[in-house]
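For reference, the structure discussed in these notes is given below.
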Amino acid sequence: MPSDQIRHVRLSSVVLPLDQPISDAKVLTGRQKPMTEIVFLFAEIATADDQHGIGFSYSKRAGGPAQYAHAKEVAANLVGEDPSDIGKVYDKLLWAGASVGRSGVATQAIAAIDIALWDLKAKRARLPLAKLFGAHRDSVRAYNTSGGFLHAPIEEVKERASKSLADGIGGIKIKVGQPDTRIDLDRVRAVREHLGDDVPLMVDANQQWDRPTALRFGRVLEQFDLVWIEEPLDAYDAEGHAHLAAALDTPIATGEMLSSVTEHVRLIDARAADIIQPDAPRIGGITPFLRLAALADHNGLQLAPHFAMEIHLHLAAAYPREPWVEHFEWLNPLFNERLETLDGRMLVPDRPGLGFTTSDQCAAWTVDACEFGTR
Ligand SMILES: [Mg+2]
């Protein structure tokens, strides 16, 4: 078999337990239960000359088994294909599952495979992924999210914020969107006073305000000089976001819940956000993310990708406008390597590809796996 053929594909479903149940505003408004685990779909691809690529997709609360099942149905199409022809392979996988659409679970299943193909391509080029894309920088401004959730008492939020800054992270995001905005206001004020005026601070309402609340409370929040207000409204309310973005000085950020480029285009066309927050695993992988990033830059938007810093650090480093990357330590146990933060920024690793190998712990948390081709 020539060296430029996919020889073997392994898919696995991995359940990552979280240290404590996590609550954002969706839990406080009764729409969701606290999150206790995250389910990952890993794809590992090997070529005939024994080069390897690894990618992952994920789901929170539900959808993990569906992503795994869909990937399992389409993955046999990969064997024998040239792994460098990512566009062709991506289309082949899309058409294989065309009857269930080009968004959501179907493309999130393909995302793990697509990311593995990009990892493989960068490894073969002996380049970090950011450099394969064409990097604009070798580090990206980083802010922490994991310390600012609503299950944490405010004293804990302040302690975690101080630790993040001491660890070299540059900004702090806290959750808001509680039914009583006065409680949100007290928490934002407490954190702003704790941090002082110079530390970048963001808030995230996780879609839990209605239009009047978002406008009225958004005006109250102007005094805190926030970097952005995230997901003030329902993720699909492009018109409402556009009105808010026009009415407030504080920039509006959204996009993490959208599951395709097409859905993001609606936001962009409506001028709904100042900062776009795509999530590569959620919108179908790196291939669609690159298309969206080109469109976002063309429209003058800032970029702050959602979650999965292990992937998004590379994509943010290749975005023309100075972006942000979101820091969560939650995925650390899955991998042997760690990302470094220094002077407020996350450093792009000099290892080829994404720069990660899965840990023994990741293997121990594997609940299902299947293989295609020959080992
Ligand atoms: Mg968010």
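Quick note: the coordinates plus some simple rules give every number you see, no bench work behind them. Only a predicted model underlies this, so the values are computations on that prediction, with no experimental measurement involved. In this analysis, Cβ positions are derived from the backbone assuming ideal geometry, glycine residues included, and neighbour counts consider all displayed protein chains.
Here region 213-286 and region 84-156 have alpha carbon centers that stand 21 Å from each other.
The H on the amide N of Met202, modeled in the peptide plane, is under 5 Å from the matching H of Ile172, Lys173, Ile174, Val227, each at least 5 residues off or on a different chain.
Between amide H atoms placed 1.01 Å from N, distances below 5 Å from Gly353 occur with Lys123, Leu127, Leu129, all of them 5 or more places distant or on a separate chain.
Using only Cα atoms, tell me the angle between helix 286-298 and the longest principal axis of the chain; keep it within 0 to 90° and round to the nearest 10. Roughly 40 degrees between the two axes.
The length gained on full extension between Arg216 and His136, counted as 0.36 nm times the residue separation minus their Cα-Cα distance, comes to 25.0 nm. The fewest-to-most ranking of Asp234, Asp225 by surrounding Cβ atoms within 10 Å reads Asp225, Asp234. Taking Cα atoms only, the orientation of helix 181-195 departs from the longest principal axis of the chain by about 80 degrees.
Over region 130-347, what lengths in whole Å, largest first, do the semi-axes of the equivalent ellipsoid take, defined as the square roots of 5 times the eigenvalues of the alpha-carbon gyration tensor?
Values: eigenvalues 125, 105, 40 Å².
Ellipsoid half-lengths, sorted descending, are 25, 23, 14 Å.
Neighbours of Pro320 by Cβ distance under 12 Å: Lys/Arg scored +1, Asp/Glu scored -1, total 0. The residue list Ile154, Val15, Ser259 was ranked by how far each Cα lies along the charge dipole of the chain toward its positive end, using unit charges on Cβ atoms, and Ser259 comes out on top.
How far is helix 211-221 tilted off the main Cα axis of the chain, in degrees rounded to 10, range 0 to 90? In the chain, helix 211-221 runs at an angle near 70 degrees to the longest axis.
Subtract the Cα-Cα distance of Gln361 and Ala166 from 0.36 nm times their separation in residues, and report this length gain in nm to one decimal. The partial results should precede the final answer.
Values: separation 195, 0.36 × 195 = 70.20 nm, distance 2.78 nm.
Stretched fully, the Gln361-Ala166 segment lengthens by 67.4 nm.
Along its principal axes, the chain has C-alpha extents of 65, 39, 39 angstrom, given from the largest down. Relative to the Cα centre, the charge distribution of region 313-375, modelled as +1 at Lys and Arg Cβ and -1 at Asp and Glu Cβ, gives a dipole magnitude of about 160 debye.
The stretch between Arg31 and Arg126 holds 29.6 nm of extra length on full extension. This uses 0.36 nm per residue minus the Cα-Cα distance. Mean projected area of the Cα convex hull of region 40-156, taken over all directions, amounts to 9.9 nm². Given R0 = 30 Å, the distance between the Cβ atoms of Thr262 and Lys60 translates into a calculated FRET efficiency of 0.85.
Using just the Cα positions, wrap region 1-92 in a convex hull and report its mean projected area in square nanometres, one decimal place. Please list the in-between numbers first.
On the way: hull surface 29.3 nm².
Taking the Cα atoms of region 1-92, their convex hull projects to 7.3 nm² on average.
Spacing of the modelled spin labels on Leu290 and Asp234, each 7 Å from Cα toward Cβ, amounts to 3.6 nm.
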